[in-house]
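Notes follow the structure.
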Amino acid sequence: MECSEKPVWNKYTREELGQLTVTPPDETVRKQVLENWDKVAKPLDGMGSFETLTARIGAILGTARIDISRKAVIIMCADNGIVEEGVSQSGQEVTAAVALSMAGKHSSVGRMARWIGADTIPVDIGINREEPIPGVLDRRIRRGTRNFRKEPAMTQEEAIRGIAVGIDMVYACKEAGYRLLATGEMGIGNTTTSSAVAAALLQCEVSRVTGRGAGLSDAGLARKRQVIAEAMEKYDLYHADALTVLAAVGGLDSAGLAGVCIGGALFHIPVVLDGVISMVAALAAQRLVPGTGAYLLPSHKGKEPAVECLMKALGAAPVIDAGLALGEGTGAVMLFALLDMALQVYQDRTTFSDIRIEQYQRFL
């Protein structure tokens, strides 16, 4: 899928970003979808969270005749300069290798998405590599962020450009006919950047939101927490706004995903969040453009310790609780499949009149 050659969003200023406004999803449609669920021959609320999730999707799309047959995962790929500080088991070369695998649909998310008929769209928003990767959209802002222990990871202009890439991706996807999107990412060191952003936005202790990522040792985890704590003090992040935080210690992948979340709200496309990195980006997006959260759907509760606090801040209740920690958008793709099954019940619903019994009534 190709975006326009000259994205209309690439000239945002901080002030223009702050002036974006979001109209809420259609409440009338949401209620209509829930009423339709009550007419299905089943106990009231028998499909649990899937009734409310599909009602939210209908409200976002503006129709009770829900069609999410065309869906895609937007996977932001970027490197992080902070890996110089020994906060990850792997080096930056892994980011490019996995992105190449994603281009061939050979990575975990590619295989899962292909199985359910969803598309994967890997985007190079900041991989530390000279040559473009065949099959990966080239939207690179720079070759990886800077080492935030030494200097801010990005300038605010670079962070805004990253956000703009995400917004433009959603616009292009809507123009191409997609009706449901998901967030995915790939970038060695991005649990460090997301933990730092989470600590600042949530106003909580670094140790509370920083985990082992892909499997750090005790010493590695201690180093990771130390590096983040130093940055919190260095940049006074407990007193900073979301854009300042994102630029100081975030990643280009997180900036791009924040843009995907904002784009979903601007263009009324539901966006399914993956794990902790997506949730951090979503919280940043909500702080940057209030109202964005109404367009975001949680998928799963991952293993990283920040998840509980992020879910509370986002008012989210993920459906899947399986200890997932793979990333790439895999948890979101799992929700794609579950939503497809739920909508089979909704779209081809057997009503109480079909089986000649009386419909259940609500008394609350």
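Say we look at the range 60-84 and pick out the residues that are buried (at least 20 other Cβ atoms within 10 Å of the Cβ) and not aliphatic (A, V, I, L, M); which of these is nearest to the chain's Cα centre (by Cα)?
That would be C77.
Using the structure shown, decide if A332 is out of contact with any strand residue (DSSP E or B) (no Cβ under 8 Å at 6 or more places or on another chain) and aliphatic (A, V, I, L, M).
No.
Can you name the residue in the range 85-96 that is surrounded by 15 or more Cβ atoms within 10 Å (Cβ to Cβ) and in a helix (DSSP H, G or I) and, of all such residues, is nearest to the chain's Cα centre (by Cα)?
Filtering the range 85-96 for residues that are surrounded by 15 or more Cβ atoms within 10 Å (Cβ to Cβ) and in a helix (DSSP H, G or I), the one nearest to the chain's Cα centre (by Cα) comes out as T95.
Among the residues that make up the range 140-158, is at least one of them surrounded by 24 or more Cβ atoms within 10 Å (Cβ to Cβ), under 20 Å from the mean Cα position of the chain (by Cα), farther than 23 Å from V271 by Cβ and of a type in the set (S, T, Y)?
Among the residues of the range 140-158, at least one is surrounded by 24 or more Cβ atoms within 10 Å (Cβ to Cβ), under 20 Å from the mean Cα position of the chain (by Cα), farther than 23 Å from V271 by Cβ and of a type in the set (S, T, Y), which makes the answer yes.
Pull up the range 172-192, narrow it to residues that are touching a helix residue (DSSP H, G or I) at 6+ places or on another chain (Cβ under 6 Å) and part of a helix (DSSP H, G or I), then point me to the one that is nearest to R70 (Cα to Cα).
Of everything passing the filter in the range 172-192, K174 is nearest to R70 (Cα to Cα).
Could you please give the count of residues in the range 252-269 that are more than 9 Å from the chain's Cα centre (by Cα), buried (at least 24 other Cβ atoms within 10 Å of the Cβ) and farther than 13 Å from G184 by Cβ?
7
What pairs come up if the first residue lies in the range 262-276 and is at positive phi, the second is in a helix (DSSP H, G or I), and their beta carbons are under 9 Å apart, counting only those six or more places apart or on different chains?
Close Cβ pairs (under 9 Å, with a partner that is in a helix (DSSP H, G or I)) amount to H268/I60; H268/L61; H268/K174; H268/Y295.
Can you pull out the residues in the range 109-123 that are more than 22 Å from G166 (Cα to Cα) and either assigned to a helix (DSSP H, G or I) or touching a Pro at 6+ places or on another chain (Cβ under 9 Å) (or both)?
Across the range 109-123, the qualifying residues are R111, M112, R114, W115, I116.
Tally up the residues in the range 124-161 that are in a loop (DSSP other than H, G, I, E, B), of a type in the set (A, V, I, L, M) and under 25 Å from A242 (Cα atoms), please.
4
Checking the conditions here, which among S101, S108 is of a type in the set (S, T, N, Q) and in contact (Cβ under 8 Å) with a residue 12 or more places away in the chain?
After ruling out the rest, the residue left standing is S108.
Being in contact with a helix residue (DSSP H, G or I) (Cβ under 9 Å, 6 or more places away or on another chain), over 23 Å from L273 (Cα atoms) and at pLDDT 90 or above is the filter here, so list the residues in the range 324-358 that pass it.
Of everything in the range 324-358, just one residue is in contact with a helix residue (DSSP H, G or I) (Cβ under 9 Å, 6 or more places away or on another chain), over 23 Å from L273 (Cα atoms) and at pLDDT 90 or above, namely V345.
Within the range 284-329, how many residues turn out to be surrounded by 24 or more Cβ atoms within 10 Å (Cβ to Cβ) and in a helix (DSSP H, G or I)?
Residues flagged as surrounded by 24 or more Cβ atoms within 10 Å (Cβ to Cβ) and in a helix (DSSP H, G or I) within the range 284-329 amount to 7.
Scan the range 108-137 residue by residue and report those that are buried (at least 22 other Cβ atoms within 10 Å of the Cβ) and more than 26 Å from M154 (Cβ to Cβ).
Matches in the range 108-137: G110, M112, A113, A118.
When the residues of the range 230-243 are filtered to those that are out of contact with any Lys or Arg (no Cβ under 8 Å at 6 or more places or on another chain) and within 14 Å of S194 (Cα to Cα), which remaining residue is surrounded by the fewest Cβ atoms within 10 Å (Cβ to Cβ)?
M232
The values are calculated or read from the model by the stated rules, or taken from the named source; none is laboratory data. Please read these numbers as outputs of a predicted model, since none were measured by experiment. Every residue, glycine among them, receives a Cβ derived from its backbone with ideal geometry; neighbour counts consider all protein chains shown.
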